[in-house]
Amino acid sequence: MKKSLVKNILVTGGAGFIGSHLIDRLLADGQQVICLDNLNDYYDPQIKVLNQSSHLDYPNYEFIKGDIRDAETVNSLFDDYEIEIVVHLAAMAGVRPSIENPKLYTDVNINGTQILLEAMTGSFVKKFIFASSSSVYGNNNKTPFSEDDNVDFQISQYGATKKMGEVMCYTYHHLSGIPISCMRFFTVYGPRQRPEMAIHKFTRLLKKGQAIPFFGDGSTSRDYTYIDDIIDGIMGALSSEDQFAIYNLGNSEPVKLDELVHVIGKRLSIEPKLDHQKLPTGDVQQTFADVSRAKSRLDYMPKISIEDGIYRFVNWYETMMESNGKLFS
């Protein structure tokens, strides 16, 4: 395969779960990577420090601690570096917390994104990738979810901020001509997954002999997508010739909650204890990605089954428990 030319690539939120995996891939390809991350305390910042620890050994990597809402810091990045590609992953994540603190989610996900889009206008940027979410589909009754479906009916502030991000991306593409791709991620999991997300949380609680929160009757389903497949999709978008496009990145095989718990319990050889609770406000009944557009345009082909993905995640988690127990207990 022909090696891609070296580019200056800015990854916002690059010390997080998805960002650190993307940077792994970019550095391995020899790209020059600038990571912007504020290392906030949504979860223990030391986990993010650990995520990027291997990156610091690369001469083609630079870490800048900063916030996308800080226009001075963001503007200086485009002044100091000839940034050709921006992958914008930085955001406040999570549906339930967005309902509890909507002002923060609006400030970071909308205002921060606008500051970044404005700063890149008139710069060297030749492509912008925006991390959107399956949350924009709300309680979509049509399955699988297609990029052409109506996404006007949001049921959480998080989903609303991600839809607004897509709208702003199109506006700035129209005004600047910069090619932009919006990637709707479907429930990403794998090593380095955020601690509050279901697979990580369930694994941790089961290992501690505690009951796991079990919402509803177990019939809700999510299109769990392994991190390596997501990174393949992003890399496909980086090399595409799209002017403006929206893509679903999912596994296209939804897994019900009761099945997910069974798979994790089986891998751990632990019989799960369930703490039955009602479905929280803002949670959707299902997510299910139609990935035909990504397959045809980006050569996207998800490969990792839920069984294989859980096996890989638990292996990573157990390794982290041995070496960094305080962070993962």
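Results, tabulated for the structure shown:
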| item | result |
| --- | --- |
| Identity of the residue in the stretch 147-176, assigned to a loop (DSSP other than H, G, I, E, B) and touching a residue at least 24 places away in the same chain (Cβ under 8 Å), that ends up farthest from the chain's Cα centre (by Cα) | I155 |
| The stretch 129-140 residues that are more than 17 Å from P97 (Cβ to Cβ), paired with ones that are surrounded by fewer than 23 Cβ atoms within 10 Å (Cβ to Cβ) and among the aromatic types (F, W, Y) (beta carbon under 7 Å, 6 or more apart) | G138/F153 |
| Given (1) under 30 Å from V284 (Cα atoms); (2) outside any loop (DSSP other than H, G, I, E, B); (3) in contact with a Gly (Cβ under 7 Å, 6 or more places away or on another chain), number of the condition A90 does not satisfy | (2) |
| Selection count, the stretch 255-282, where residues are touching a residue at least 60 places away in the same chain (Cβ under 8 Å) and not in a helix (DSSP H, G or I) | 12 |
| Some residue of the stretch 92-102 being buried (at least 22 other Cβ atoms within 10 Å of the Cβ) and in contact with a Leu (Cβ under 8 Å, 6 or more places away or on another chain) | no |
| Verdict on A119 being crowded, with 21+ Cβ neighbours inside 10 Å, out of contact with any Ser or Thr (no Cβ under 8 Å at 6 or more places or on another chain) and farther than 20 Å from I18 by Cα | yes |
| Test: residue in the stretch 179-199 that is within 18 Å of the chain's Cα centre (by Cα) and part of a helix (DSSP H, G or I) | yes |
| The listed residue being free of Cβ contacts under 8 Å to residues at least 24 places away in the same chain and of a type outside the set (D, E, K, R), out of L104, L117 | L104 |
| Condition check for N139: in contact with a strand residue (DSSP E or B) (Cβ under 9 Å, 6 or more places away or on another chain) and surrounded by fewer than 17 Cβ atoms within 10 Å (Cβ to Cβ) | yes |
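Condition check ((1) at pLDDT 95 or above; (2) touching a Gly at 6+ places or on another chain (Cβ under 6 Å)) across all residues:
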{"position": "S134", "(1), (2)": "yes, no"}
{"position": "Y137", "(1), (2)": "yes, no"}
{"position": "K142", "(1), (2)": "no, no"}
{"position": "E147", "(1), (2)": "yes, no"}
{"position": "N150", "(1), (2)": "yes, no"}
{"position": "F153", "(1), (2)": "no, yes"}
{"position": "T161", "(1), (2)": "yes, no"}
{"position": "V167", "(1), (2)": "yes, no"}
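Let's see how each residue does on (1) crowded, with 18+ Cβ neighbours inside 10 Å; (2) free of Cβ contacts under 8 Å to residues at least 24 places away in the same chain; (3) in a loop (DSSP other than H, G, I, E, B); (4) more than 22 Å from the chain's Cα centre (by Cα):
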{"residue": "H21", "(1), (2), (3), (4)": "yes, no, no, no"}
{"residue": "I34", "(1), (2), (3), (4)": "yes, no, no, no"}
{"residue": "I47", "(1), (2), (3), (4)": "yes, no, no, no"}
{"residue": "N75", "(1), (2), (3), (4)": "no, no, no, yes"}
{"residue": "D79", "(1), (2), (3), (4)": "no, yes, no, yes"}
{"residue": "I83", "(1), (2), (3), (4)": "yes, no, yes, no"}
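The values are calculated or read from the model by the stated rules, or taken from the named source; none is laboratory data. Model, not experiment: these values are computed from the prediction. Virtual Cβ from ideal backbone geometry, glycine too; neighbours counted across all protein chains shown.
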